[in-house]
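Okay, structure first, notes after.
Only the coordinates and a few stated rules stand behind these numbers; no lab work does. Treat the numbers as computed from the prediction; the structure is a model and nothing was measured. Cβ atoms come from the backbone with ideal geometry, glycine included; neighbour counts cover every protein chain shown.
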Amino acid sequence: MSKASNIPIYEQYENYEPPFNVKRAIELMVGTVPDKYLTGLGSIVLTCEDALTGKRARGMTWSRGKKVSAAKARGLYHPEWGSNPAWIELHVDSIFQRYPRYLLRLKLTRELELGSTFFHELGHHIHAQYRPEFKEKEDVADTWKRKGQNTYLRKRFWYLFPLVAVIRSADELFDFQGYLRNRIKKKRAAAATQSDTHP
């Protein structure tokens, strides 16, 4: 039996309703992670800022050398402590706080946003448990995030990859990105010129 099916996912919300079935999306994401990277992970908690109390509400955490409010973070990784296994905490309200409503209707875009935080926190777990590296921990977590997301997207949205391949081939042939970059440069240059002539 896969380790993914043995990792409990808890929902702890207070006056908040997730914009879609977040638990199911996380189950699918966990299911694409190799068992060896899930070793030592005890649980995943889906919650929101209003549901945090006591030390969890007032606590601080470090990110890239800066202290930030744990309650305002999109996600947190809690390493193992004594006999307590490691666990991941996702603040669903913070993840989607500024996310456009129309993008929440699309599985791909909303799961990209959710997966960005989940796979980042899982990256901290892999870094701590399986692949320790003497680098900035946030950079290491981001590296594992990209790997995890790419694997998930290939398995979950496999039917979109032929379309992506076609778009890439067309871009190589017609250089759409180069065209757009030139358009942006021209607009910026025109705006700068207009600003200089009309103080």
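Just a few scattered comments:
- A protection proxy built from the mean count of other Cβ atoms within 10 Å ranks the segments 114-123, 17-26, 78-87, most packed first, as 114-123, 17-26, 78-87.
- The alpha carbon centroids of the stretch 25-40 and the stretch 73-145 are separated by 12 Å.
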